Structures are given as structure tokens and as C-alpha cells.
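Participant: One structure coming up, written as C-alpha cells, with questions to follow.
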Amino acid sequence: MSRTPLIAGNWKMYKTGPQAVTAATVLVKLCTGISNPEIMIAPNFIALQQVAQIFAGSPIKTGAQNLYFENQGAFTGEVSADMIKEAGAEYVIIGHSERRQIFGETDESIRKKIKSAVLSGLKPILCIGETEGQRDEEKTFQVLDKQVSDGLKGFGPDELVDLVLAYEPVWAIGTGKTANESQVDEVHRYLRSLLGKLFSQEFADQKRILYGGSVKPENAYSLMGIEDVDGALVGGASLDADKFINIIKYNESII
Ligand code: 13P
């Protein structure tokens, strides 16, 4: 089963508009001619439209980091899927652990966000992952099972053709601690079999499951070599164009 890997950069709440424009321009030069892996950057909302314009015609796709599930209305401070799509994004990250933990997002609101993304033609990247405490209590699979089952409840497989899953163990995000290869392998296998149970084996085989959490040039090659890992969701290292391009070129990496 061939799944084109996706290397996605989540810029989080970094880079002002001008800084994002500069970084995007540098990335376009570095990524010229790359068709595999697929590449995506999710800048903040302020920079989204300008960055999407810079990426247009290049191999780099644009994503948003969040959305609100209503189309429009009196929802101060929020941005809808249609607005994001219109600004030039193709992907949207949904349910990132920072949104779950800091902004109180629930599996229920995440499900509505996925629905809204799907209806607008945005490709949702659903983030899931256990905390350190949950792993220590051996609840990792239980937590992931709930996040996936509840987040995708009620969807038919046809609605989720463009869905991407991103496994990001919370304890590995921004900490420099990467899950080891056997931990990643075990979880990604589990997630694919869970998708098989919830939908079908064909559906599961087609889905890309990214790993996120302290991905850097030094570990990209070994992580991407794991059978059920279909790319990476990169935070800190995506802010630095040299590091990010070395992750994108993990196959050529000699680090
Ligand atoms: P780091 O790569 O900085 O650990 O962040 C991962 C992440 O949260 C990507 O969404």
C-alpha cells in the first residue's frame, strides 16, 4: 500500500506576518522540485493568506492550526472553515493537544470541527496523543481509542477520504523527548488496526498516520522508516528552514 508521506510544519503562535512571509519565501526556494514527500506548513491566522499566496505554484501546501465549526455568526475571535479555505489553505489541524489542554477542546467539539472541515473541502489532520501520566498508568491505548472513536463517530468512510491522523504523545511535544521506535511502531500499528475496525481495512490501509513530538533532522530518518509512519507533524524544527528541509529530505539525510 503506497501512501505518499506528508511532512507538515505547525508554526504554532510563532512568527509575525513579515517573519512568516520571509520564512515562506525561503522554504519555497528550498523545496523547489520536491514532489515526495508532500509538504505542508500551518502558519498563524494573521499570516495564512499571505503565506498561501507565496506557496501557490510551489510544492508546499498551506494549513490552518484550528477552526471554529460554525460557518459564520456572532462568535468573537473565531475563524470558520470557509474563511480558511478561501484564504488558500488545503489542510487544517484539529484537536492539537495544546488546544485540548489549554483551550478545553473536547472530542465532541473536535468532531464538529472535523465535520465542518469536511463540508468546506479542507483536509483535516486529527491530532491525538496521551499524556505522560496516562502512559505511566498504561492507559495509552484506551486514551487513543476514545480520541479516535469519539472524534470520528458518525462519519462515513467517504467523508473521511482526506483525513490524516497525527499521533503526538503529549510528553514528547516541545520537550526534546521523542517516543522511541518501538513505542511509535506499537501505537501506529494499533491506530491502523483501530481504523480498520471502525471503518474497513481498505480505509485503514489508505490513511496516513503522522508522528509528532520533537521530530528533528537527527531522528527523522529512523522515525520515517517505521512501517506505519506516513510522515511527521513538526513543531519547533519547522520554524527553522534548514532543519525543516533536512526533515523533508530525510531519505537523503546523512545525519
Ligand atoms: P515539537 O516538534 O516542537 O515537539 O512540536 C510537535 C507538535 O506539537 C506539532 O504539532
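Participant: Express in whole angstrom the spacing between the alpha-carbon centres of the stretch 1-56 and the stretch 71-130.
Facilitator: When both Cα centres are located, 18 Å separates them.
Participant: Please enumerate, by chain and number, the lysines with C-alpha under 26 Å from the C-alpha of LYS61, excluding those fewer than 8 residues away in the same chain.
Facilitator: Cross-link targets: LYS12, LYS15, LYS29, LYS85, LYS112, LYS113, LYS115, LYS123, LYS207, LYS216, LYS243, LYS249.
Participant: Here is a follow-up. Using only helices, what value at 222 nm comes out for the chain when you add -39,500 (n - 2.57) per DSSP H run of length 4 or more and divide by the total residues, to the nearest 500 deg cm²/dmol?
Facilitator: Only helices count here, giving -12500 deg cm²/dmol.
Participant: Also, quick follow-up: Which Cα, out of ALA24, GLN53, ALA87, lies furthest along the positive dipole direction of the stretch 10-91 (beta carbon charges, K/R +1, D/E -1)?
Facilitator: Working it through, the farthest residue towards the positive pole turns out to be ALA24.
Participant: So, by mean Cβ neighbours within 10 angstrom, what's the order for 19-31, 150-162 with the highest one leading?
Facilitator: Listed from highest to lowest mean packing, they are 19-31, 150-162.
Participant: In percent, what relative contact order does the stretch 1-159 have, based on Cα pairs under 8 Å that are 6 or more apart in sequence? Don't skip to the answer; put the middle values down first.
Facilitator: Working: 242 pairs, mean separation 27.5, N = 159.
Worked out over the stretch 1-159, it gives 17 percent.
Participant: Largest first, what is the accessible-area ranking of GLU38, GLU108 with a 1.4 Å probe?
Facilitator: Listed by decreasing accessible area, they come as GLU108, GLU38.
Participant: If the cut-off is 14 Å between C-alpha atoms, which aspartates and glutamates fall inside it for LYS153, apart from same-chain ones fewer than 8 positions away?
Facilitator: Partners found: ASP107, GLU108, ASP145.
Participant: What percentage of the solvent-accessible surface of the chain, computed with a 1.4 Å probe over protein heavy atoms, is contributed by carbon and sulfur atoms? Don't skip to the end; give the middle numbers.
Facilitator: Details: 5810 of 11630 Å².
Carbon with sulfur: 50 percent of the solvent-accessible area.
Participant: Placing +1 at every Lys and Arg Cβ and -1 at every Asp and Glu Cβ, with all other atoms neutral, what dipole size does the chain have around its Cα centre, in debye to the nearest 20? Mind dumping the intermediate values first?
Facilitator: Working: 26 positive and 33 negative charges, 100 e Å.
For this selection, approximately 480 debye.
Participant: At 1.4 Å probe radius, can you tell me the per residue accessible area of the stretch 127-170 in Å²?
Facilitator: 44
Participant: Same structure, new question: Please report, to one decimal in angstroms, the Kirkwood hydrodynamic radius of the stretch 111-255 built from all distinct Cα-Cα pairs. All intermediate terms of the calculation are to be shown ahead of the outcome.
Facilitator: Working: mean 1/r = 0.0636 Å⁻¹.
Taking the inverse mean of 1/r over all distinct Cα pairs, the stretch 111-255 comes out at 15.7 Å.
Participant: Shifting gears a bit: Assigning unit charges at the beta carbon (Lys, Arg +1; Asp, Glu -1) and nothing else, what dipole magnitude in debye, to the nearest 20, does the stretch 57-111 show about its Cα centre? Walk me through the numbers before you get to the answer.
Facilitator: On the way: 5 positive and 9 negative charges, 36 e Å.
Taking the Cα centre of the stretch 57-111 as origin, the dipole is about 180 debye.
Participant: Can you give the FRET efficiency to the nearest 0.05 for LEU30 and GLU137, using r as the Cβ-Cβ distance and R₀ = 35 Å?
Facilitator: 0.25
Participant: Consider just the alpha-carbon atoms of the chain and return their Rg together with their Dmax, both in angstrom.
Facilitator: Considering the chain through its Cα atoms, Rg and Dmax are 17.0, 52 Å.
Participant: Starting with the highest mean, order 63-71, 229-237, 184-192, 99-107 by the number of other Cβ atoms within 10 Å, averaged over the residues of each peptide.
Facilitator: Peptide ranking by packing, descending: 229-237, 63-71, 184-192, 99-107.
The values are calculated or read from the model by the stated rules, or taken from the named source; none is laboratory data. Predicted model, so just to flag it, every value in this text is computed and none were measured. Reconstructed Cβ throughout: ideal geometry from the backbone, glycine too, with neighbour counts over all protein chains shown. We work out accessible area using only protein heavy atoms, side chains counted, and drop any ligands, DNA or RNA first. Shrake-Rupley method; radii C 1.70, N 1.55, O 1.52, S 1.80 Å.
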